[in-house]
Structure formats: C-alpha cells, structure tokens
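One structure is given below, encoded as structure tokens.
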Amino acid sequence: MAESTGNLGEEPVKGQETVGENFERIVGPAATVPATATLHDAVTALLTTPASRKVYVVDKMSRLVGVITMESLMKHLSHRLGAHEAGVFSFMRYVRDMQTDSVEPFMRDPVKVTRQTKIIDVARLVVEFHLNDFPVVDDNGRIEGEVNSLRLLQSALALFESHPGEGGGGE
C-alpha cells in the first residue's frame with residue numbers, strides 16, 4: 001500500500017474551521033483566463049495548473065465572472081472531433097477553431113467560497129453540487145485560489161482512522 005503524504009503528524013481539518021484557517025493546506029493555484037480569452041487559452045491555462053479541473057474566467061479587475069468545467073471542455077472536444085465524423089479533417093477543424101472560440105458561451109456561474117467559509121460547508125457543497133473544487137474569492141470577488149477536494153481529503157485523512165461509532169471527530 002502506498003504511504004500517504006501531506007498531513008502526517010498534523011491534526012486533521014475540523015468541520016468548524018474555516019477555509020482561511022486551512023488556506024495553505026487545502027487551497028492551491030487556480031487556472032484563470034481573462035473574459036476575452038479563447039478556448040485555446042482556457043485549455044492552456046488548465047494544462048499549466050495540473051491539480052485544477054476548472055478554468056476560472058475573470059474580468060479586467062480580476063473578479064471572478066464564470067467557470068469552465070473540464071466536462072464542458074471535453075464535450076466541446078467531442079463535438080469538435082466529430083463524434084459521428086471520423087478523420088483528420090475534423091481534428092484539424094477543432095485545432096483551428098480553438099484559436100478563435102471565445103470562452104463566454106462555455107462559462108457557467110461559479111459556486112464559490114471565501115476564507116470565512118467553514119470546512120463543513122465546503123463538504124456540503126461537494127455533495128450538493130457534485131463538484132470537486134471551488135474558487136476562493138476575496139471580499140471584492142477576486143480569485144485567491146481554489147479549494148481542491150483532494151487536498152481537503154488529504155488534510156482530513158486522520159478522520160478515516162476513527163473506530164466505528166466514534167463519529168470521526170469532526171469537531
């Protein structure tokens with residue numbers, strides 16, 4: 001079995017703690033692009049931020065205005081590759097169009113958190129919205145990073161070591 005990394009010897013995150021109290025442990029860099037970006041720019045940003053599975057779109061003031069999910073990009077890729085159309089020409093059209101397609105039609109409203117959001121509320125958002133990661137924004141709506149569910153899970157690993165009936169020690 002592979003050895004776990006990260007929080008060895010550290011206390012696990014607790015439900016009533018906030019994102020801000022655990023910022024260094026659970027928040028990583030966010031893949032961002034300006035609202036004027038192309039899909040090519042969005043994919044490039046995503047590929048240069050390997051832990052992220054979303055691209056966050058920001059306005060001229062660096063405020064979060066939308067999110068493009070990996071699922072949305074993959075659906076577009078499937079369409080562009082011509083799910084029913086085989087061949088090199090379909091792929092070439094996809095590569096050509098990625099240079100000019102705006103991110104705007106692919107954006108969704110983001111489900112965001114702040115440094116004041118409690119860890120237990122982040123866990124509820126994961127379950128409620130079926131999302132794995134959330135942008136952390138400041139009071140002005142500027143993105144500060146991304147709560148990554150893998151980092152959160154890693155920081156809570158010790159909670160899984162509890163015995164049945166002990167409740168896991170979330171407080």
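Annotations
- Residues (open to solvent by less than 40 Å² (accessible area, probe 1.4 Å) and either within 14 Å of the chain's Cα centre (by Cα) or of a type in the set (Phe, Trp, Tyr) (or both)) located in segment 100-113: Pro110, Val111, Val113
- Looking across segment 33-44, the residues that are surrounded by fewer than 20 Cβ atoms within 10 Å (Cβ to Cβ) and either touching an Asp or Glu at 6+ places or on another chain (Cβ under 7 Å) or closer than 15 Å to Gly145 by Cβ (or both) come down to Ala35, Thr38.
- For beta carbons closer than 7 Å, sequence separation of 6+ or different chains, a first residue in segment 117-133 that is within 20 Å of Thr69 (Cβ to Cβ) and a second that is part of a helix (DSSP H, G or I) and not small (Gly, Ala, Ser), the qualifying pairs are Val122/Leu152; Leu131/Leu125; Asn132/Val126.
- Failed item in (1) buried (at least 17 other Cβ atoms within 10 Å of the Cβ); (2) of a type in the set (A, V, I, L, M, F, W, C); (3) closer than 16 Å to Met107 by Cα, with Val27 passing the rest: (3)
- Qualifying residue in segment 118-138 (condition: more than 24 Å from Lys14 (Cα to Cα) and either crowded, with 18+ Cβ neighbours inside 10 Å or at pLDDT 95 or above (or both)): no
- Among the residues of this structure, Phe160 does not count as one that is surrounded by 17 or more Cβ atoms within 10 Å (Cβ to Cβ), at pLDDT below 95, over 21 Å from Gly28 (Cβ atoms) and more than 13 Å from the chain's Cα centre (by Cα).
- Of the residues making up segment 139-153, those that are of a type in the set (A, V, I, L, M), surrounded by 15 or more Cβ atoms within 10 Å (Cβ to Cβ) and closer than 23 Å to Lys14 by Cβ are Val147, Leu152, Leu153.
The values are calculated or read from the model by the stated rules, or taken from the named source; none is laboratory data. Just so we're clear, the structure is a prediction, and the values are computed from it rather than from any experiment. Heads up, the Cβs are rebuilt from the backbone with ideal geometry, glycines too, and the neighbour counts pull from every protein chain shown. These area figures cover heavy atoms from the full protein model, side chains too; ligands, DNA and RNA do not enter into them. Shrake-Rupley method; radii C 1.70, N 1.55, O 1.52, S 1.80 Å.
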